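Since the structure comes first, as structure tokens, the remarks are kept for the end.
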Amino acid sequence: MRAISSLALALALGPLAADDATAQSNACNTQLDVNLPAQCDELEVSHPIEGLENFRQLTTPDGGIKPGILFRSDQLDELPDAAIAELNEIGIETIVDLRSHDELETHPNSRIDSVDFDVNLPIGSDPADIAKIMPIEIASQIRPMWFEGKFHEIDELLEEHDVNLRQIRIDRYQDFATKFDPQVSRFLHLLTDDNNFPLLFHCAGGKDRTGFMAAVTLLTLGYSEEDVMRDYLTTNVYTYGELEQMVGKGPKSLRPAFGAHPEQIEASLQIIKDKYGSFENYRRDVLGISDEDVEAIKQNLLVQD
């Protein structure tokens, strides 16, 4: 495992820049219909990598995860040279890309020299791609309406065709927990090997597929569903600038696709309990992660007493 770099430590421990602090304050005190993480004001929010809005460490309120070891992010395509240099400085050893093969072809990741191991574990297509989550003839009508600001017409179109984006999104989150067991298992097995760190995992926006994988990781480490929710909703603080536009001005019918929504990650966790009895059963019997594997993951990721 590489030594933790000065930049990685800064990411974990450094003070907020003035603009990040202002953005966090705006997000945590917003009047928009946006779900916020517990103790929002206590988060350490920073955007240290140019071009990445949702790049951050997987962290917990107790600071139990080692700094500079496990990162979650949005996609790494078309990064400026400065961003690539910063990721090299962190010493990212492994990248786990959760996007589909089509996404990889159209938006390939930038080359990061420090990376020795690049793994693709596709967890379906981008859940935010409306062309993938509703009939194409409807999706094709939405795009010009969006750019023309005809948001009320979008709402009417989806209502007319009985397109319930809220339920569609919940269904997709349930799919994460029931249709991609080999990918989830492979990811957790990667965490048992200390040669794979620092490790970065990502999808397109770093919210849905990445959010589910973060949830599975935290639960495997013994953290609670409340801790999972806090990490999941932190996306809404990091990407608040985008949400301000989408939620504040966009069509109501499309809001389930914008930002992190508690009911969506809850759907993933609930179907695991409904189908397998408990997360531990799912982890052990479905994913094939033994108690010994869990101990190895804890050894690699958790601060030791």
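What follows draws every value from the coordinates through simple rules; no lab data is involved. Since the structure is predicted, the reported quantities are computational estimates derived from the model, not experimental observations. Note: ideal-geometry Cβ built from the backbone for every residue, glycine included; neighbour counts use all protein chains shown.
Points to keep in mind about this one:
- The mean of 1/r over all pairs of different alpha-carbon atoms in the stretch 80-221, once inverted, gives a Kirkwood hydrodynamic radius of 17.2 Å.
- Across the stretch 137-233, Cα-Cα pairs more than 20 Å apart make up 54 percent of the total.
- Taking the helices alone, the chain has a mean residue ellipticity at 222 nm of -14000 deg cm²/dmol, built from -39,500 (n - 2.57) per DSSP H run of at least 4 residues and averaged over all its residues.
- Residues within the reach of a label modelled at Asp285 (point 7 angstrom out along Cα to beta-carbon, backbone nitrogen below 15 Å), restricted to the stretch 166-199: there are none.
- Among the cysteines of the chain, those whose beta-carbon sits 4.7 Å or more from every other cysteine beta-carbon are Cys203.
- Within the stretch 6-301, percent of DSSP bridges classed antiparallel, to nearest 5: 15
- Working from Cα pairs under 8 Å separated by at least six residues, relative contact order for the stretch 45-153 is 20 percent.
- Ellipsoid equivalent to the stretch 14-157 - semi-axes via the Cα gyration tensor, in Å: 30, 24, 14
- Two-site label geometry, Arg111 and Lys179: point separation in nm, points 7 Å out along Cα→Cβ: 3.5
- Using C-alpha pairs under 8 Å with a sequence gap of at least 6, the mean separation divided by the residue count of the chain gives a relative contact order of 26 percent.
- Global form of the chain, assessed from the alpha-carbon gyration tensor, a/c cut-off 1.5: prolate
- Ranked by the mean number of other Cβ atoms within 10 Å of their residues, highest first, the peptides 22-28, 134-140 fall in the order 22-28, 134-140.
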